Amino acid sequence: MNFGFDDTTAELRARLLTFMDECVIPAERAYEEQAAVSGWGPPPLIEDLKAEARGRGLWNLFLPGEEGAGLTNLQYAPLAEIMGRSPSIAATATNCAAPDTGNMEVLAQFGSEWQRKEYLEPLLNGEIRSAFAMTEPDVASSDATNISTSIVRDGDEYVVNGRKWFITGAMNPNCKILIVMGKTDPEAPSHRQQSMILVPRGTPGLTIKRGMKVFGYDDASHGGHAEVVFEDVRVPADHLIGEQGGGFAIAQARLGPGRIHHCMRLIGAAERAVELMCRRALSRTAFGKTIAQQGVVQDWIAESRVRIEQLRLLVLKTAWLMDTVGNRGAHTEIQAIKIATPAAVEWILDKAIQVHGAGGLSQDFPLAGAWAGVRSLRFADGPDEVHKRSLAYRELKKYMD
């Protein structure tokens, strides 16, 4: 395993760092001010940043193949880490923001020709946004086989009925399409009951009921997290993605890259938290010496550095395995980073907040919002407990007779 930057990665990394320093970080305060008054839509300055990023060749970096930048996971990892220093802006500005990234991957891998033309192309161009509707309030969605939303074939149409919530991006007025996961055959084997279908926003019977808050944040700048109701929603049969009964497999293909992308960005968030923690500790005095001279703070800083370096190596190994043996071959490592990274970065952010005192709780620093986002990722793409359960079983299986 060689984790050194190749020429392509080094060049893109330098370009992205310049973009962050010149455009993204200086725009953060204005972004927050605009987000406070722009409702569920994106702050206006995002369009300027998107044009700037695209002009600099920093566009669709996450997506391999002809549709994207053609990077491997190992090449993309250090770029996503840089974006993680200001994820609300950087990922959106470069068209590398969830849930669009996962939806574009689904359409690129499983979409029909017309689905790719109608929805993938405008997503790749940053002209529209999308949502992925999987989680439900009435069942334990940590077990995807529990999903109760029904997708029933009726002649040349499918009829969708159900309720979803925490559907990221669905509040955004630019969200034009939802990928919905539901059951097409409750009598089939448990992992063949589900399918995925495209439901255009504005389809009769689809109601965006409300925005869901996360630790008091509405996350409007991300497009919000919506509760969505489907009541006899009819869409043509050709809106089904892939084959009927293939929804669970598609979800697994989608969530693998999504999990590593989250972890890549979280390392960047942790690096920025350490930077802010060190600067604050050196600038504040308590009990006759700087906070940086307090032993407990030095312990936090040292421990943060150790954890970041451990996480980065594990994420890079996972990216390398995904590139060399595929997502299935990297299953153990994908689960390991999904367990380890949010928990460790949550700890680092907590210590950075503590060093900032009351300021760490405020809107004057990015720490409180980052903490809420990281804490939520211990649920997103599967809660910790599900990953631990699966990982433990894989370990135990080695020793079963």
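Read the figures in this text as sums done on the coordinates, not as results from a lab. Only a predicted model underlies this, so the values are computations on that prediction, with no experimental measurement involved. Ideal geometry is used to build each Cβ from the backbone, glycine not excepted, and the neighbour counts take in all protein chains shown.
Laid out as a table, the results:
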| quantity | calculated |
| --- | --- |
| Segment 273-318 shape via C-alpha gyration tensor axes, a/c threshold 1.5 | prolate |
| Eligible aspartates and glutamates near K317 by straight Cα distance, threshold 13 Å, same-chain separation 8 or greater | E309, E333 |
| For C175, distant residues with modelled amide H under 5 Å away | R129 |
| Dipole in debye (nearest 20) - segment 129-244, about Cα centre, beta carbon charges: Lys, Arg +1; Asp, Glu -1 | 420 debye |
| Degrees separating the helix 331-356 axis from the principal Cα axis of the chain, which is the longest one | 40 degrees |
| Under 5 Å, built H, 5+ apart or other chain: amide partners of S112 | G242 |
| On Cα atoms only, tilt of 25-35 relative to the major axis of the chain in degrees | 50 degrees |
| Full-stretch length increase - D156, D401 - with 0.36 nm per residue and alpha-carbon distance subtracted | 83.2 nm |
| Whether the chain is rounded, prolate or oblate, judged on the alpha carbon gyration tensor where a/c under 1.5 counts as rounded | prolate |
| Between segment 359-384 and segment 220-291, the Cα center-to-center distance that results, in Å | 10 Å |
| Nearest 10 degrees, 0 to 90: helix 295-329 Cα axis against the chain principal axis | 30 degrees |
| Cα-projected label distance for E121 with R234, points at 7 Å along beta-carbon direction, nm | 2.8 nm |
| For segment 248-397, diffusion coefficient by Stokes-Einstein and Kirkwood Rh (Cα), 10 °C, 1.306 mPa s, µm²/s | 97 µm²/s |
| Cα-Cα over 19 Å, subset of K117/K164; K176/K209; K117/K209; K213/K338; K338/K388 | K117/K164; K117/K209; K213/K338 |
| Gap separating the Cα centres of segment 34-66 and segment 307-351, nearest whole Å | 26 Å |
| Sparse-neighbourhood loop sites, GluC sites (Glu not before Pro) in segment 61-117 - DSSP loop, at most 13 other Cβ within 10 angstrom | E66 |
| Shape of segment 129-244, Cα gyration tensor, a/c cut at 1.5 | oblate |
| Placed amide H near Y158: partners under 5 Å, 5+ positions off or other chain | V235, A237 |
